[in-house]
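Note sheet for the following structure.
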Amino acid sequence: MNESTYEIYYDSEADFLEIFFGEPTSCYTEEPEEGVFVRKDKQNGEVKSVGILGFGKRSSLLGKLLRQLNKKLPTEIDIS
């Protein structure tokens with residue numbers, strides 16, 4: 001997986017969506033708001049994943065968060 005690729009993980013039981021960017025690295029996690037997680041590379045601060053707990057009710061946060069982090073996805077994510 002290179003920097004322009006991503007993986008999407010969704011756990012329907014927990015209603016948790018996480019999007020991973022590029023190759024996995026050693027990371028730290030920030031929680032900009034409750035239930036929203038941003039994992040960043042320890043060495044360079046690059047965003048490696050974005051996770052949202054309660055995604056079904058908070059899906060509109062994803063676009064806003066990705067714009068703030070300067071990350072893009074080629075498609076919309078629909079879990080319905």
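The values are calculated or read from the model by the stated rules, or taken from the named source; none is laboratory data. What you see is a predicted model; the values in this text were computed from it and never measured. Cβ sites come from the backbone with ideal geometry, for glycine too, and all protein chains shown count toward neighbours.
Annotations
- Among (1) within 18 Å of LYS72 (Cβ to Cβ); (2) in contact with a helix residue (DSSP H, G or I) (Cβ under 7 Å, 6 or more places away or on another chain) - the single one GLU46 does not satisfy: (2)
- Neighbours by Cβ (under 7 Å, 6+ apart or cross-chain): first from the range 37-54, more than 14 Å from LEU66 (Cβ to Cβ) and touching a residue at least 24 places away in the same chain (Cβ under 8 Å); second surrounded by fewer than 16 Cβ atoms within 10 Å (Cβ to Cβ) and among the basic types (Lys, Arg): none
- Residue in the range 42-56 that is at pLDDT 95 or above, surrounded by 13 or more Cβ atoms within 10 Å (Cβ to Cβ), farther than 16 Å from ILE8 by Cβ and touching a strand residue (DSSP E or B) at 6+ places or on another chain (Cβ under 6 Å) present: no
- Selection count where residues are surrounded by 11 or more Cβ atoms within 10 Å (Cβ to Cβ) and either more than 13 Å from TYR6 (Cβ to Cβ) or touching an Asp or Glu at 6+ places or on another chain (Cβ under 6 Å) (or both), scope the range 16-29: 7
- TYR28 among the aromatic types (Phe, Trp, Tyr) and under 20 Å from LYS72 (Cα atoms): no
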